[in-house]
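Since the structure comes first, as structure tokens, the remarks are kept for the end.
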Amino acid sequence: MADTHEKKVEKKVVREPAPKAPEHGQSPAPKAAAHPAEHAAKEAAPVKKLEARPKTGEAAPRAEPKPAPKAEQRPAPKAEDKSAAKKEGPGTDAPAGEPSPQPAEKTPPAGETGEVEAEIVEEPGEKKPAEKPRKKKGKKERRPRIRPELSAEVVKALALRKELKDKTPHFIRQEAYNYGRLDKNWRRPRGTHSKLRHHINYRINVVSIGYGGPNASKGMHPSGFREVLVHHPLELDRVDPKTQAARIAHGVGVRKRTMIEQRAQRKGIRVLNEMREE
């Protein structure tokens, strides 16, 4: 058998010696010239510009804003072209070989949007709910009030009484302004040593005969009628409708009150305290 000899390949690594530092007083050795292909590649590569960084304590420079792109301005159509287009009209045919003129697009005026309002079309099957008729809020018709038949003397006395009433002070009970438990309704002072009963000047006003009105108008209603108290519909027979008016008593019920008012209306008698119509 043939002897097989294995060949061992030894790789030898050749390391170049590091360049020695030049001794004192000697110039450094010149570098080897670069390959021409490497030199051309370095020249072709783009050179990056390094931005200067601000030093500490200094404000960074602000970037200048870029100018906005200008909008393209379309030339306005000439007046001659518009007049020619109007004369030709939409139905005229364009000459052969030339494209048909298209109408210019209308631009919406400034401040108006290009949105189109959609119309709401109701379907035939849908029906709106019927609106309820509104009630008219009008004033109720009032019956004309019955006026009394008065003489000139009584009319003059009523006017004088109204004038004096405006000047009459409001009388209150003694010491009612100092004690909350006392009502302010007038009560005659009865104390033996009461200063108010002796009419001391620094006390409040006291009811006296000097504040009274004329005798012709005493006991009369402001309307000019004399009041007659009524408890039953039959009591209206003693009421004179020209000078007297009926006032229904407090204890009369609703049923009898309505009967009194109906009978008074038929006889032309005025009722001073009628029921309110709701």
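Some notes on this structure:
- Filter result for the condition that a residue is free of Cβ contacts under 8 Å to residues at least 24 places away in the same chain and within 48 Å of the chain's Cα centre (by Cα), over LYS195, LYS165, LYS184: LYS184
- Given (1) surrounded by 11 or more Cβ atoms within 10 Å (Cβ to Cβ); (2) over 53 Å from the mean Cα position of the chain (by Cα); (3) assigned to a loop (DSSP other than H, G, I, E, B); (4) not β-branched (Val, Ile, Thr), number of the condition ARG190 does not satisfy: (1)
- Just one of the listed residues (GLU149, GLU227) is assigned to a strand (DSSP E or B) and among the acidic types (Asp, Glu), namely GLU227.
- Selection count where residues are surrounded by 13 or more Cβ atoms within 10 Å (Cβ to Cβ) and either of a type in the set (Asp, Glu) or touching a residue at least 24 places away in the same chain (Cβ under 8 Å) (or both), scope the range 208-231: 12
- Residue within the range 152-167 that is assigned to a loop (DSSP other than H, G, I, E, B) and at negative phi present: no
Where a number appears in this text, it was derived from the coordinates with a stated rule and is not lab data. Just so it is clear, the structure is predicted and the values come from calculations on it, not from any experiment. Because the Cβ atoms are built from the backbone with ideal geometry, glycine has one as well, and the counts that use them run over all protein chains shown.
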